[in-house]
Amino acid sequence: MTKGDSSELWYKDGLKFSCSGCGDCCTGAPGFVWVDQSETQAIADSLGIPREDFEDQYTRKIGLRRSLKEFSNGDCVFFDNETRKCEVYGSRPRQCKTWPFWDSNLRTPEDWERTCEECPGSGTGKLHQLVEIEDRRKSVKI
Ligand code: SF4
């Protein structure tokens, strides 16, 4: 396989994913939802507040980067526990939009199997074509 040739990727025939809306990926064990300035701006705009206020209130600095804050139980700060929905879904960060087609989930079939065990929507439902998977995989480095 030549470098950049995607025709021999193990998932070249596509992968299935349809979100069931369980909310598991937004809750539970602590983690990071990385946001850059364009993403904090987009969410701040959707909330109608200045970006600086948004960053102070809803994000934390980790080294040079920023991540969304979490509640003490690990749930994302924008996860509504009653509706089990994201409160900023329309302007959600790239990391959330591209799930589950992250590099770390696609390296090997075993990585994808692990992802399917963690996320009930992965491995079922709509078949996503290689071009879309690769678009999503390349737009975040996770
Ligand atoms: S864990 Fe998977 S099925 Fe559940 S909300 Fe997240 S993406 Fe959807």
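The values are calculated or read from the model by the stated rules, or taken from the named source; none is laboratory data. Source: prediction; values computed, not measured. All Cβ positions, even for glycine, are placed from backbone atoms using ideal geometry, and neighbour counts span all protein chains on display.
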| remark: When every residue in segment 96-142 that is closer than 21 Å to G23 by Cα and polar (S, T, N, Q) is compared, the one nearest to the chain's Cα centre (by Cα) is T98
| Considering segment 82-91 alone, what residues qualify as being part of a loop (DSSP other than H, G, I, E, B) and without any contact (Cβ under 8 Å) to a residue 24 or more places away in the chain? | E82, T83, E87
| said: Going residue by residue through segment 45-58, is there one that turns out to be at pLDDT below 95, over 20 Å from C96 (Cβ atoms) and among the acidic types (D, E)? | reply: no
| request: Could you check, for segment 59-72, whether at least one of its residues is in contact (Cβ under 8 Å) with a residue 40 or more places away in the chain, within 16 Å of the ligand (Cβ to nearest atom) and not in a helix (DSSP H, G or I)? | output: yes
| query | Before we move on, is K141 among the basic types (K, R) and assigned to a loop (DSSP other than H, G, I, E, B)? | reply | yes
| message | Can you find, within segment 114-139, the residue that is farthest from L47 (Cα to Cα) among those that are in contact with a strand residue (DSSP E or B) (Cβ under 8 Å, 6 or more places away or on another chain) and away from the ligand (no atom under 11 Å from the Cβ)? | response | L127
| query | How do the pairs read when you match residues in segment 4-33 that are assigned to a helix (DSSP H, G or I) with residues anywhere that are surrounded by 12 or more Cβ atoms within 10 Å (Cβ to Cβ) and modelled with pLDDT of 90 or more, using Cβ under 7 Å and keeping only pairs 6 or more apart or on different chains? | reply | D24/C119; C25/W99; C25/C119; C26/D75; C26/C76; C26/F79; C26/C86
| task | Return the total of residues in segment 34-44 being in contact with a helix residue (DSSP H, G or I) (Cβ under 7 Å, 6 or more places away or on another chain) and either assigned to a loop (DSSP other than H, G, I, E, B) or not hydroxyl-bearing (S, T, Y) (or both). | result | 6
| Scanning for something closer than 30 Å to T108 by Cβ and loosely packed, with under 15 Cβ neighbours inside 10 Å, does segment 40-62 turn up at least one residue? | yes
| said: What are the pairs with Cβ atoms under 7 angstrom where one residue, in segment 115-140, is among the acidic types (D, E) and the other, located anywhere, is at pLDDT 95 or above and not in a helix (DSSP H, G or I)? Sequence gap at least six, or different chains. | reply: none
